[in-house]
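A quick write-up on the structure given underneath.
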Amino acid sequence: MDVVIGIDSGTTATKGVAAGLDGELRAHASVHYPLLVPGPGRAELDPDRVRDAAVEALIDVAGQCRDGGHRVVGVSLSSFLHALVPMDAVGKPLGPLVTWADGRAGGQSEAIAARGLAAKLLARTGTPVHPMAPLSKLAWWGATEPETLRDTPRWGGGKELILSGLADEAYLLDLSLASATGLYDIHARRWDAEAMEIAGVREDQLAEVVPTTRRLRLRAEVASAAGLPADTPLIIGAGDGPLANLGVGATPAGVAAVSLGTSGAMRTVVDRPSADEAGRLFCYALTEDRWVLGGAVNNAGSVVRWAGQAFAGGFARPAAEGENADEIDAALLIEAQSAPAGSEGLLCLPYLLGERAPWWRSGMRGAYLGLGREHGRPHLVRAAVEGVCQQLALVRDSFDAAGIQVTEVRATGGAVASELWVAVLAAALDLPVAVADTPEGTGLGACLLGWHALGELPDLDHAAALVDIGEPARPDRANADLYRHQRPLIEKAAQFVAELSQSLSSPHSVAPRA
């Protein structure tokens, strides 16, 4: 069978998959690397490791395809959004890859908002002003190391870095990743002059923006190592969020995708770039004529992983022989099912890594509210799961406020293997939630976009018929009513905790050395 290989570069692993035009996966590989936290507020990756991991995943999947008798007709790329890395003129990294989770640009984000520019920038660029965005990261870098900002030949993110290892083309960036930088005018389709001025960066330091379907050419040495013909097309691809919608078939009107991995997001597809007047939703490109509206949350499966490390009594121990962290997470979630919906009055603001949607405020911190002696570990874990799902429900409420109707949700990611996660999500959203049969929705989305770029999948909405989806979980009516009643309390509590957090946070930050 002919297949397209999708390379999905994520924050903790690069995954490779191969899929035919029928949407069936024929091969899979993962290459892991650590998220580095060298200091408060910092969240970085080793850029050389990320770039090399893409090559390793490609070689592994290509070998599996060859062994299985499949012919690789293209390679398509996915990358995490909102990263920033300084590079030299030929794409060699000059410093760490600063990820979306890095919060050191909080002061710059607040300063931009204080000048009354946030709403105008969001309307033009589709990206909220937030420490996650390269716009704020560059402004912060300029405030701490202005000479580095000025003299670095190239500023890029995950996709530019990966292309430097896989492609022999000029300095390019796809429309999807560009639309998530906060520096690109999604309506005029050019780098935004005011945003660049705020960031302190010149247009010649930024990549040329091209459609997500642009065909490139694999480096000769990479094609040879993977055993692929030298003329195998390399599709530049898109960002991981928009591709996750495609990979679970959530492209028709009324269908939303929810990703629940380390972090989470809820997104729906529209036909043109659109600005949310309330400033709660982002707008990123999938292709030139398909755009994704939604909101991302910083914390999802990570809160359960944290619970296993933080709460005493069995699960806090190091994994025993033959036991891994995923198994500990699963045991915690099963235990949490013994706690009732609402966790007996315990609310969790699960902002361990800060928070993004729907408020896009820097410096958010987590909290448990209503804690009493009656609460045990099951309540603490369940409340954390409920807190994440309630945050996604606030995104869904933002859809309603913007006049966007959602009637169905398709979910993907490691967390949806848990019955508790799916049941709480369905009740919080008050919508049926169907789980995609494949956990590799983003990688599959990259494959399908590759087929589209090759002219074999003209209608992206056809992906909805290709993706296998299980029977949807229906919301429990009593639980849905309970969560709806709680959400105004969560919004009120989050506002108070955000103000308190400003007093608790350290005023010091340290710039990464380039």
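The values are calculated or read from the model by the stated rules, or taken from the named source; none is laboratory data. Quantities reported herein were computed from a predicted structural model and do not represent experimental measurements. Glycine also receives a Cβ, built like all others from the backbone with ideal geometry; neighbour counts cover every protein chain displayed. In case anyone asks, the SASA skips ligands and DNA or RNA and just uses the protein heavy atoms, side chains included. Shrake-Rupley method; radii C 1.70, N 1.55, O 1.52, S 1.80 Å.
Results for (1) buried (at least 19 other Cβ atoms within 10 Å of the Cβ); (2) within 19 Å of W360 (Cβ to Cβ), shown as yes or no for each residue.
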{"site": "T125", "(1), (2)": "yes, yes"}
{"site": "M132", "(1), (2)": "yes, yes"}
{"site": "A170", "(1), (2)": "no, no"}
{"site": "L175", "(1), (2)": "yes, no"}
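Somewhere in segment 204-211, is a residue open to solvent by 70 Å² or more (accessible area, probe 1.4 Å) and either in a strand (DSSP E or B) or free of Cβ contacts under 8 Å to residues at least 60 places away in the same chain (or both)?
From segment 204-211, those open to solvent by 70 Å² or more (accessible area, probe 1.4 Å) are 204, 208; that's our starting set.
Those still in the list that are either in a strand (DSSP E or B) or free of Cβ contacts under 8 Å to residues at least 60 places away in the same chain (or both) too: 204, 208.
Looking for residues that are open to solvent by 70 Å² or more (accessible area, probe 1.4 Å) and either in a strand (DSSP E or B) or free of Cβ contacts under 8 Å to residues at least 60 places away in the same chain (or both), one finds at least one in segment 204-211, hence yes.
Out of all the residues in segment 227-255, which are among the small types (G, A, S), in a helix (DSSP H, G or I) and touching a Lys or Arg at 6+ places or on another chain (Cβ under 9 Å)?
Within segment 227-255, G241, A244 meet the criteria.
From the list G107, G116, pick out the single residue that is of a type outside the set (A, V, I, L, M), in a loop (DSSP other than H, G, I, E, B) and surrounded by fewer than 23 Cβ atoms within 10 Å (Cβ to Cβ).
G116
When you check A275 against the structure, is it part of a loop (DSSP other than H, G, I, E, B) and small (G, A, S), yes or no?
yes
Within segment 427-472, how many residues turn out to be out of contact with any helix residue (DSSP H, G or I) (no Cβ under 8 Å at 6 or more places or on another chain) and among the aliphatic types (A, V, I, L, M)?
6
Looking at segment 464-505, which of its residues are within 27 Å of the chain's Cα centre (by Cα), farther than 21 Å from V297 by Cβ and of a type outside the set (G, A, S)?
L466, V467, D468, I469, E471, P472, R474
Which is surrounded by fewer than 18 Cβ atoms within 10 Å (Cβ to Cβ), touching a residue at least 40 places away in the same chain (Cβ under 8 Å) and closer than 26 Å to A296 by Cα, of P252, P242?
Exactly one of P252, P242 is surrounded by fewer than 18 Cβ atoms within 10 Å (Cβ to Cβ), touching a residue at least 40 places away in the same chain (Cβ under 8 Å) and closer than 26 Å to A296 by Cα, namely P252.
Being open to solvent by 10 Å² or more (accessible area, probe 1.4 Å), modelled with pLDDT of 95 or more, of a type outside the set (D, E) and in contact with a strand residue (DSSP E or B) (Cβ under 8 Å, 6 or more places away or on another chain) is the requirement here; does R150 meet it?
The answer is no for R150.
Looking at segment 67-78, which of its residues are touching a helix residue (DSSP H, G or I) at 6+ places or on another chain (Cβ under 9 Å) and either within 13 Å of V3 (Cβ to Cβ) or open to solvent by 10 Å² or more (accessible area, probe 1.4 Å) (or both)?
Across segment 67-78, the qualifying residues are H70, R71, V72, V73, G74, V75, S76.
When the residues of segment 278-310 are filtered to those that are in a loop (DSSP other than H, G, I, E, B) and in contact (Cβ under 8 Å) with a residue 60 or more places away in the chain, which remaining residue is nearest to V422 (Cα to Cα)?
Looking at the filtered set, the residue picked out is A300.
Of the residues in segment 135-147, how many are open to solvent by 10 Å² or more (accessible area, probe 1.4 Å) and either out of contact with any Lys or Arg (no Cβ under 9 Å at 6 or more places or on another chain) or hydroxyl-bearing (S, T, Y) (or both)?
Summing the residues that are open to solvent by 10 Å² or more (accessible area, probe 1.4 Å) and either out of contact with any Lys or Arg (no Cβ under 9 Å at 6 or more places or on another chain) or hydroxyl-bearing (S, T, Y) (or both) in segment 135-147 gives 5.
Can you work out which of the residues in segment 351-397 that are charged (D, E, K, R) and over 16 Å from Y483 (Cα atoms) is modelled with the lowest pLDDT?
Looking at residues that are charged (D, E, K, R) and over 16 Å from Y483 (Cα atoms), I get R361.
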